[in-house]
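S.K.: One structure is given below, represented as structure tokens, and several questions about it will come after.
The values are calculated or read from the model by the stated rules, or taken from the named source; none is laboratory data. No experiment lies behind these values; they were computed from the predicted model shown. Please note: Cβ atoms are built from the backbone with ideal geometry, for glycine as well, and neighbour counts cover all protein chains shown.
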């Protein structure tokens, strides 16, 4: 049975003023919730309210340890509702329940980390070079906008909301139109934890309406965006007109390298996880696997056996490893890319079809797919598919390998499988990516900054200094001289 949702907008729980729409469960296409989309007028109301609320003593007057206490309560609130939130996330985007539980736990950990970072954050007394002392301090930017994707909402939203609140900012959220639930629930938990009314608003709806109005609004002082590269470039252009800072976590076409000396048990498991977990709907998916020719045949045989054993099915099942894609339109896009790869000369080794059976008929399911025989220059190896599709490529020469890995507009992540630490270090330094995983893949720590290079984006999220992304630095000079300035008294 579907649920009617309201959102937190300008300090009140209410319907946004745009048209009503429905969200659907990717497993069977059933309606999960109905809610109203926001409008440009809603954006202005939310931002204006946030600007007033952030200046009130109930927020601006809080000391850092007091803000930290609120963040700790948000973390506790997420954990208290952990299973409920995981089930809601499953319904929102079709991820398997084990994965959504991990995302909820990650969100709680993010608030806990930034609570600690907030309370222990120190400004700097800089070395004096005259008859004065100098201080470098950081102040909240003001009202910031957060635009989040549909593939891992609660984790992405926590990574933006937690440091922004820690810095003392107000936040206006624009969640993905088809997955608004997690932002709404986080706002509810934050309100219950003591965040004052107006500090957080959630505006569901279309990016072309809500996102555009949010980025352009003169009171928005920063945009944190996770999503597609094309949209990110549009945000960067608009932000440039305002000289507004942004963090843009965009697309990827991440290479994973299997060296001749790799532990194949670990490498096969890691490559499978890197591309097929989350049904490949991940910016960091290891979608290009470069395997040394001396182990290529054995690796391929093991990989295909592993693909065959993957459990595709109902996201509510504890045993499911791969759920459906987010909707039929996205599945159709993945199918077009697979056909393109075959047209470009690739050979289909596994998958490439919709799974058969009554349990799959109403959902947006697609089988894990492996293609070999492609050149790295083909579109299928150059463009982000955002689905469970792996290109398998042999390599022989290390210099050529590095050139192929870097021959891509993206630079988000990479993986290396080798027993030789010198090889790992050498390759990792040569790869043009923001993250390098060695003998592991797709593991994260909130304490470690994350972001990309090239067309994979700018700025970093997470890490102790992530709070500073939401601040403006102010320098202080405090005179200690006993006599008036000599220039004016000469």
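S.K.: Can you tell me which residues in segment 350-369 are over 18 Å from residue 29 (Cβ atoms), out of contact with any helix residue (DSSP H, G or I) (no Cβ under 6 Å at 6 or more places or on another chain) and touching a residue at least 40 places away in the same chain (Cβ under 8 Å)?
M.R.: Listed by number, the residues that qualify are 351, 367.
S.K.: Filter segment 197-214 down to residues that are crowded, with 19+ Cβ neighbours inside 10 Å and more than 20 Å from the chain's Cα centre (by Cα) and give me whichever is nearest to residue 238 (Cα to Cα).
M.R.: In the first step, residues of segment 197-214 are kept if they are crowded, with 19+ Cβ neighbours inside 10 Å; the result is 198-205, 207, 209-211, 213-214.
Narrowing the set further to residues that are more than 20 Å from the chain's Cα centre (by Cα) leaves 198-199, 209, 213.
Values: 198: 25, 199: 24, 209: 14, 213: 10 Å.
Among residues in segment 197-214 that are crowded, with 19+ Cβ neighbours inside 10 Å and more than 20 Å from the chain's Cα centre (by Cα), the one nearest to residue 238 (Cα to Cα) is 213.
S.K.: So is residue 115 buried (at least 21 other Cβ atoms within 10 Å of the Cβ), assigned to a helix (DSSP H, G or I) and touching a residue at least 24 places away in the same chain (Cβ under 8 Å) or not?
M.R.: Considered against the rule, which asks whether it is buried (at least 21 other Cβ atoms within 10 Å of the Cβ), assigned to a helix (DSSP H, G or I) and touching a residue at least 24 places away in the same chain (Cβ under 8 Å), residue 115 comes out as yes.
S.K.: Which condition number in (1) surrounded by fewer than 24 Cβ atoms within 10 Å (Cβ to Cβ); (2) closer than 23 Å to residue 277 by Cβ is the one that residue 85 fails?
M.R.: For residue 85, the failing item is (1).
S.K.: Which residues, taken from segment 324-348, are touching a helix residue (DSSP H, G or I) at 6+ places or on another chain (Cβ under 8 Å) and in contact (Cβ under 8 Å) with a residue 60 or more places away in the chain?
M.R.: 324, 325, 326
S.K.: Report the residue count in segment 6-26 for those that are touching a residue at least 12 places away in the same chain (Cβ under 8 Å) and more than 20 Å from residue 151 (Cβ to Cβ).
M.R.: 13
S.K.: Residue by residue through segment 24-37, note down the ones that are out of contact with any helix residue (DSSP H, G or I) (no Cβ under 7 Å at 6 or more places or on another chain) and within 14 Å of residue 184 (Cα to Cα).
M.R.: Matches in segment 24-37: 34, 35, 36, 37.
S.K.: Go through segment 184-212 and give me each residue that's in contact with a strand residue (DSSP E or B) (Cβ under 9 Å, 6 or more places away or on another chain) and more than 23 Å from residue 62 (Cβ to Cβ).
M.R.: 184, 203, 204, 205, 207, 210, 211
S.K.: Hey, can you tell me all the residues within segment 278-306 that are touching a helix residue (DSSP H, G or I) at 6+ places or on another chain (Cβ under 7 Å) and either in a helix (DSSP H, G or I) or surrounded by fewer than 18 Cβ atoms within 10 Å (Cβ to Cβ) (or both)?
M.R.: Within segment 278-306, 278, 298, 299, 302, 303, 306 qualify.
S.K.: Regarding residue 121, is this residue buried (at least 16 other Cβ atoms within 10 Å of the Cβ), in contact (Cβ under 8 Å) with a residue 12 or more places away in the chain and more than 19 Å from the chain's Cα centre (by Cα)?
M.R.: yes
S.K.: Next question. Going by what's in this entry, would residue 271 be described as assigned to a helix (DSSP H, G or I), modelled with pLDDT of 95 or more and closer than 21 Å to residue 380 by Cα?
M.R.: For residue 271, the condition - assigned to a helix (DSSP H, G or I), modelled with pLDDT of 95 or more and closer than 21 Å to residue 380 by Cα - is met.
Residue-wise test of (1) more than 30 Å from residue 428 (Cβ to Cβ); (2) modelled with pLDDT of 95 or more; (3) in a helix (DSSP H, G or I).
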{"residue": "215", "(1), (2), (3)": "yes, yes, yes"}
{"residue": "221", "(1), (2), (3)": "yes, yes, no"}
{"residue": "233", "(1), (2), (3)": "no, yes, yes"}
{"residue": "241", "(1), (2), (3)": "yes, yes, yes"}
{"residue": "256", "(1), (2), (3)": "no, yes, no"}
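S.K.: While we're here: Taking the stated definitions as given, is residue 183 in a helix (DSSP H, G or I), without any contact (Cβ under 8 Å) to a residue 40 or more places away in the chain and within 16 Å of the chain's Cα centre (by Cα)?
M.R.: Answer is yes for this residue.
S.K.: Follow-up question, since we're still on this one. Taking residue 262 and the conditions (1) surrounded by fewer than 23 Cβ atoms within 10 Å (Cβ to Cβ); (2) over 23 Å from the mean Cα position of the chain (by Cα), which numbered condition does it fall short on, given that it satisfies the others?
M.R.: The one condition residue 262 does not meet is (1).
S.K.: Out of (1) farther than 13 Å from residue 279 by Cα; (2) touching a helix residue (DSSP H, G or I) at 6+ places or on another chain (Cβ under 7 Å), the odd one out for residue 319 is which?
M.R.: The one condition residue 319 does not meet is (2).
S.K.: Just checking: which of the strands (runs of 3 or more DSSP E) contained wholly in segment 130-174 hold 1 or more residues that are out of contact with any helix residue (DSSP H, G or I) (no Cβ under 8 Å at 6 or more places or on another chain) and surrounded by fewer than 24 Cβ atoms within 10 Å (Cβ to Cβ)?
M.R.: Qualifying strands (runs of 3 or more DSSP E): 132-140.
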